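The values are calculated or read from the model by the stated rules, or taken from the named source; none is laboratory data. Note that this is a predicted model, so its numbers are computed, not measured. Cβ placement follows ideal geometry from the backbone for every residue including glycine, while neighbour counts extend to all protein chains displayed. With ligands, DNA and RNA removed, areas are computed over all heavy atoms of the protein, side chains included. Shrake-Rupley method; radii C 1.70, N 1.55, O 1.52, S 1.80 Å.
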Amino acid sequence: MPPGGGAISPNMPELPEVEVTRLSFVERIQGARIVHLRMGKPLRWPLGTEPNRLVGQRVLGVDRRGKYLLMHLDAGCLLWHLGMSGALHFATTHPPAGAHDHVDLVTDQGVLRLHDPRRFGALVYVPDLEDARAIKLLGHLGVEPLGGHFDPVAFHAALRQRKAPIKQVLLTGDIVVGVGNIYASEALFQAGIRPTTAAHKISRPRALKLQQAIVRVLERALEVGGSTLRDFSNARGESGYFQLEMSVYDRAGQPCQQCASTVRQIRQGQRSTFYCPTCQKP
Ligand SMILES: [Zn+2]
């Protein structure tokens, strides 16, 4: 069985990867006019409009919400999601589309290509963000962990409403977005909290510690990813998880770096969780 139990793909793009992807092309695509939209095999959800109807529209900007990229057009918005295995690359020219290149957004400033072997990614057009489809995809998302919107007191108050184990509450993403499986394990280690602890039992000081740990882990991932930005823009459809220094994730059976206890692995909601039984208290 592969590390992590096989249930997750180590290459699944998380919030930091999505943000670095955005940074890799946001400036170059701004103001571009759409010339053509080529759609290959079906993705997770249908586009929601005729590709030809986008021709002539300008790209006003690209924001991110959770793991969605929001590409604002003259009229409407394209929502991009990388799913389990997607990668977006913007270049003036690309080689002919391969078997896993499912979208080419051709503009007068370059081509944005979606490469997605597993096709859990998506490109969805909405006329505006009040549209029912946009609300369905974005409406339940929790606060953004980066950029100063993530309030520790509100975080603690939200945790007090949940009886589920803290790690599963984090993964749900409706309190705070972007804390995927790896980041949840690492942040809980840094905060000294056992992943199985019921969320509502976490005291305010521990919740504040966890809030800081989440921000720190994600900022570190962005930093590491940011340093690979140059490679990203030249990449040939290969994406990889940012190489973070892991304290517990994927280290089952190895000594904890802080106390030398043996790192444990358990299953929670079909995902692998790693923790130190000594450093992380219930
Ligand atoms: Zn330890």
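Checking the conditions here, which among Leu218, Leu222 is at pLDDT below 95, over 20 Å from Arg271 (Cα atoms) and of a type in the set (A, V, I, L, M)? On inspection, the qualifying residue turns out to be Leu222. Of all the numbered requirements in (1) at pLDDT below 95; (2) surrounded by 17 or more Cβ atoms within 10 Å (Cβ to Cβ); (3) in a loop (DSSP other than H, G, I, E, B), Thr21 misses one, and that requirement is (3). I need the full set of residues from segment 267-278 which are assigned to a strand (DSSP E or B) and either touching a Leu at 6+ places or on another chain (Cβ under 7 Å) or surrounded by 14 or more Cβ atoms within 10 Å (Cβ to Cβ) (or both), in order please. Hits for segment 267-278 are Gln268, Arg271, Ser272, Thr273, Phe274, Tyr275. On the stretch given as segment 112-163, residues that are of a type in the set (Asp, Glu) and more than 12 Å from Ile175 (Cβ to Cβ) total 4. For Glu245, the criteria (1) open to solvent by 70 Å² or more (accessible area, probe 1.4 Å); (2) at pLDDT below 95; (3) away from the ligand (no atom under 16 Å from the Cβ) hold in every case but one, which is (3).
Take the conditions closer than 17 Å to Pro13 by Cα, part of a loop (DSSP other than H, G, I, E, B) and either open to solvent by 40 Å² or more (accessible area, probe 1.4 Å) or without any contact (Cβ under 8 Å) to a residue 60 or more places away in the chain (or both) and apply them to Arg44. Does it pass?
When the stated conditions are applied, Arg44 passes them.
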